[in-house]
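Novice: Got a structure here, written out as structure tokens. Questions coming.
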């Protein structure tokens with residue numbers, strides 16, 4: 001037996017050999033006899049009951065609404081490099097950062113190397129990101145030109161998706177000083193974008209990449225998160241927003257933001273969004289999937 005009141009005090013399983021994310025909500029995460037356990041209440045993803053959690057084989061706990069966690073869990077997870085994040089339902093928000101990064105820095109090192117190569121690497125990643133969004137690798141070598149092409153295609157995408165959902169679309173508008181003045185479709189897009197950015201924050205944290213080092217977005221402190229979130233703008237963000245507008249028109253009693261959150265959570269779950277984001281991050285940096 002290894003020493004230590006909580007057991008297995010020095011044994012650590014490499015991140016590459018672990019399962020990825022474990023979602024827990026509406027229950028209590030605690031330690032008993034050196035083991036992490038979870039008591040699931042009614043309404044949890046799990047049937048009500050008490051479960052033993054093999055925490056050494058998990059990379060990241062995602063703690064949803066209604067979850068409490070004991071000090072011993074934090075101490076034990078920190079020792080074994082198992083991260084914890086407090087998140088919204090199905091990842092529509094990210095409320096905290098993990099105490100420890102993955103045990104390999106390969107994603108972050110590749111990000112910094114490519115980002116710091118102004119004449120080659122940074123543009124290469126930007127073109128890869130646009131290729132994932134637009135379905136083709138554009139030949140242009142000027143980021144301003146790439147942004148212009150993306151902007152024109154997004155206008156057309158908004159129109160097409162609006163037609164699919166029967167939305168009266170008057171164009172993208174966002175008043176940062178008074179967002180409530182926007183029409184319902186624009187408000188819904190704002191809410192959906194916030195939800196997808198929450199999922200991107202989780203994926204960025206899980207890969208240990210650096211939020212501030214974006215390749216298309218530049219000035220924001222979460223520029224890289226925004227780059228990742230934008231990969232799903234036409235496939236998830238806008239469809240969720242417009243579906244929420246339609247649902248809100250049928251049932252105004254349920255607020256528009258709540259409709260967006262509900263539909264976003266279902267889409268995240270159905271499309272395995274956060275795991276897909278993690279794979280996309282590794283893809284654009286040319287990192288093997290079993291790392292980080």
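The values are calculated or read from the model by the stated rules, or taken from the named source; none is laboratory data. No experiment lies behind these values; they were computed from the predicted model shown. All Cβ positions, glycine included, derive from the backbone under ideal geometry; neighbour counts span all protein chains shown.
Novice: Within region 198-213, identify whether any single residue is out of contact with any strand residue (DSSP E or B) (no Cβ under 6 Å at 6 or more places or on another chain), surrounded by 13 or more Cβ atoms within 10 Å (Cβ to Cβ) and without any contact (Cβ under 8 Å) to a residue 24 or more places away in the chain, and answer yes or no.
Specialist: Yes, region 198-213 contains a residue that is out of contact with any strand residue (DSSP E or B) (no Cβ under 6 Å at 6 or more places or on another chain), surrounded by 13 or more Cβ atoms within 10 Å (Cβ to Cβ) and without any contact (Cβ under 8 Å) to a residue 24 or more places away in the chain.
Novice: Can you pull out the residues in region 42-53 that are exposed (fewer than 13 other Cβ atoms within 10 Å of the Cβ) and either free of Cβ contacts under 8 Å to residues at least 12 places away in the same chain or under 22 Å from the mean Cα position of the chain (by Cα) (or both)?
Specialist: Those that are exposed (fewer than 13 other Cβ atoms within 10 Å of the Cβ) and either free of Cβ contacts under 8 Å to residues at least 12 places away in the same chain or under 22 Å from the mean Cα position of the chain (by Cα) (or both): 47, 48, 49.
Novice: Ok, one more. Among the candidates 192, 223, 162, 244, which residue alone is over 23 Å from the mean Cα position of the chain (by Cα) and at pLDDT 95 or above?
Specialist: Sole residue among the options that is over 23 Å from the mean Cα position of the chain (by Cα) and at pLDDT 95 or above: 162.
Novice: Something else now. Given (1) closer than 25 Å to residue 195 by Cα; (2) modelled with pLDDT of 85 or more; (3) part of a loop (DSSP other than H, G, I, E, B), where does residue 47 come up short, assuming only one miss?
Specialist: Only one criterion in (1) closer than 25 Å to residue 195 by Cα; (2) modelled with pLDDT of 85 or more; (3) part of a loop (DSSP other than H, G, I, E, B) is unmet by residue 47, namely (1).
Novice: If we only count helices (runs of 4 or more DSSP H) wholly inside region 237-292, which ones have 3 or more residues that are exposed (fewer than 14 other Cβ atoms within 10 Å of the Cβ) and not assigned by TED's automatic domain parsing to the domain that holds residue 185?
Specialist: Answer list for region 237-292: none.
Novice: Return the pairs, sorted by first residue and then second, in which the second residue is surrounded by fewer than 16 Cβ atoms within 10 Å (Cβ to Cβ) and modelled with pLDDT under 95, the first residue lies in region 104-128 and is under 17 Å from residue 144 (Cβ atoms), the beta carbons are less than 7 Å apart, and the residues are 6+ apart or on different chains.
Specialist: Short answer, once both residue conditions are applied: 123/141; 127/137; 127/138.
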